[in-house]
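**Student:** Questions regarding the structure given below will be posed in turn.
The values are calculated or read from the model by the stated rules, or taken from the named source; none is laboratory data. Since the model is a prediction, treat every value here as computed from it, not as a measurement. Cβ: placed from backbone, ideal geometry, glycine included. Neighbour counts: every protein chain shown.
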Amino acid sequence: MPRLLASIGRQSFRDYEIQMVKGVVPQGKAINQGARSARGDILIVLDDDSCLADESVFERLVAAIDSDNTIGMAGASIVVPPDASVFQERAAAQFPRLSMPVVDRITDSDLACHGCCAIPKRVFEQVGGEREDLPRGLDPDLRVRLRAAGYRVVLAPHARINHPLPDGWRPLLRTFFRNGFGSAYARKFQPGAVYETHEELDASAFQPRTRFVFRVVRFPFRLLKAVIEGKFIRFGAYCSYACGYSWGMLTAKETGLVEGTPNKARH
């Protein structure tokens, strides 16, 4: 948090307030609580483990929102931080959503995410805010609802943040196990909110909804592809995700959400 707050303090755009939400789970409930308290016209959501890459991020996000009233979400590209470890650099190279291209114009893309994104408050309220019954999958759910309401989801030009993966095998595998467990919970109790995520910049041909059978059949091919391409961090993460998913399908209870999920501070 100190690093994130320091990067906020360096922003050239100064007309903002900070709403820090602590100890609130799940993530959607925390974001909604912060949004209700916010007095501004634009909400900027930040993960507590994000860091703004330069002093112009807020300015670029606000400019994108102000440029077109059909933009419902303007995200920043996630780039590898300059102080990333060798492990984090290798991991980012194997997960395109954590090493995104930086665009030079407003670009419709599924890569915009809660790590750092701006949403007009009126739009956020219009689509009903965040879901509070999902431990995982808020990003694709919100993007789908924004597009269904007629709004664009974009990356803002030259807006960059750092949002690295955990540094080391143990925390990485723990994170993907948790994510798999959360996905299983959504599949068991909120199957209508389960969507795909895209790994390419161009989202014109992306279909967020696929059949469960297709996803099951595709998974071993993704594992095989990771091995063939030498992406062993990705392979290990997928295996941990599958273990978490299997455990979640066996044990997840609707009243518990995901026990042991770290609390996120949201802004």
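**Student:** Filter the stretch 80-107 for residues that are over 22 Å from Arg152 (Cβ atoms) and either touching an Asp or Glu at 6+ places or on another chain (Cβ under 8 Å) or hydrophobic (A, V, I, L, M, F, W, C) (or both) and give the result. Full working, then the answer.
**Tutor:** Taking the stretch 80-107 as the starting set, the residues that turn out to be over 22 Å from Arg152 (Cβ atoms) are 80-95, 98-99.
Val80, Ala84, Ser85, Val86, Phe87, Gln88, Ala91, Ala92, Ala93, Phe95, Leu98 - these are the residues of the stretch 80-107 that are over 22 Å from Arg152 (Cβ atoms) and either touching an Asp or Glu at 6+ places or on another chain (Cβ under 8 Å) or hydrophobic (A, V, I, L, M, F, W, C) (or both).
**Student:** What residue, among those in the stretch 77-87 that are aliphatic (A, V, I, L, M) and not in a helix (DSSP H, G or I), is nearest to Gly115 (Cα to Cα)? Even if it seems obvious, please write down each step before you answer.
**Tutor:** Filtering the stretch 77-87 for residues aliphatic (A, V, I, L, M) gives 78-80, 84, 86.
Next cut, not in a helix (DSSP H, G or I) only: 78-80, 84.
Values: Ile78: 8, Val79: 11, Val80: 13, Ala84: 17 Å.
Going through the qualifying residues, I end up with Ile78.
**Student:** Name the residues in the stretch 66-76 that are out of contact with any Lys or Arg (no Cβ under 6 Å at 6 or more places or on another chain) and surrounded by fewer than 24 Cβ atoms within 10 Å (Cβ to Cβ), would you?
**Tutor:** The answer is Asp66, Ser67, Asp68, Asn69.
**Student:** Now for a different question. Quick one: how many residues across the stretch 130-169 are in a loop (DSSP other than H, G, I, E, B), buried (at least 20 other Cβ atoms within 10 Å of the Cβ) and of a type in the set (Gly, Ala, Ser)?
**Tutor:** Selection size over the stretch 130-169: 1.
**Student:** Of Asp110, Asp54, Asp49, which residue is more than 30 Å from Trp169 (Cβ to Cβ) and in a loop (DSSP other than H, G, I, E, B)?
**Tutor:** None of the others qualify; the one that does is Asp54.
**Student:** Then there's this: Name the residue, out of Arg187, Arg178, Arg222, Arg211, that is free of Cβ contacts under 8 Å to residues at least 12 places away in the same chain and outside the structural domain of Val79 (by TED's automatic domain parsing). Show your work before the answer.
**Tutor:** Working: Arg187 fails: free of Cβ contacts under 8 Å to residues at least 12 places away in the same chain; Arg178 fails: free of Cβ contacts under 8 Å to residues at least 12 places away in the same chain; Arg222 fails: free of Cβ contacts under 8 Å to residues at least 12 places away in the same chain.
Only one candidate qualifies: Arg211.
**Student:** So which of Arg36, Arg90, Arg97 is in the same structural domain as Val154 (by TED's automatic domain parsing), part of a helix (DSSP H, G or I) and under 14 Å from the mean Cα position of the chain (by Cα)? I'd like the intermediate steps shown before the answer.
**Tutor:** Details: Arg36 fails: under 14 Å from the mean Cα position of the chain (by Cα); Arg90 fails: under 14 Å from the mean Cα position of the chain (by Cα).
Exactly one residue qualifies, and that residue is Arg97.
**Student:** Among the residues of the stretch 66-76, are any in contact (Cβ under 8 Å) with a residue 24 or more places away in the chain, among the charged types (D, E, K, R), over 19 Å from Ser7 (Cβ atoms) and part of a loop (DSSP other than H, G, I, E, B)?
**Tutor:** Yes: the stretch 66-76 contains one or more residues that are in contact (Cβ under 8 Å) with a residue 24 or more places away in the chain, among the charged types (D, E, K, R), over 19 Å from Ser7 (Cβ atoms) and part of a loop (DSSP other than H, G, I, E, B).
**Student:** Identify, from the list Asp83, Asp110, the residue that is crowded, with 17+ Cβ neighbours inside 10 Å and either under 24 Å from Lys231 (Cβ atoms) or outside the structural domain of Asn162 (by TED's automatic domain parsing) (or both). Walk me through how you get there before you give the answer.
**Tutor:** Values: Asp83 fails: crowded, with 17+ Cβ neighbours inside 10 Å.
That would be Asp110, the only listed residue that is crowded, with 17+ Cβ neighbours inside 10 Å and either under 24 Å from Lys231 (Cβ atoms) or outside the structural domain of Asn162 (by TED's automatic domain parsing) (or both).
**Student:** Mind checking which residues of the stretch 178-200 are of a type outside the set (A, V, I, L, M) and assigned to a helix (DSSP H, G or I)?
**Tutor:** Quick first cut of the stretch 178-200, residues of a type outside the set (A, V, I, L, M) only: 178-183, 185, 187-192, 195-200.
Within the stretch 178-200, Arg178, Asn179, Gly180, Phe181, Gly182, Ser183, Tyr185, Arg187, Lys188, Phe189, Pro191, Gly192 qualify.
**Student:** Report the residue count in the stretch 5-33 for those that are of a type outside the set (S, T, N, Q) and part of a helix (DSSP H, G or I).
**Tutor:** 8
**Student:** I'd like the residue in the stretch 204-229 that is in contact with a helix residue (DSSP H, G or I) (Cβ under 9 Å, 6 or more places away or on another chain) and not in a helix (DSSP H, G or I) and, out of all such residues, is modelled with the highest pLDDT.
**Tutor:** Selected residue: Glu229.
**Student:** Testing Pro2 on (1) touching a residue at least 40 places away in the same chain (Cβ under 8 Å); (2) loosely packed, with under 14 Cβ neighbours inside 10 Å, one condition comes back false. Which one is that?
**Tutor:** In the conditions (1) touching a residue at least 40 places away in the same chain (Cβ under 8 Å); (2) loosely packed, with under 14 Cβ neighbours inside 10 Å, Pro2 misses (1) alone.
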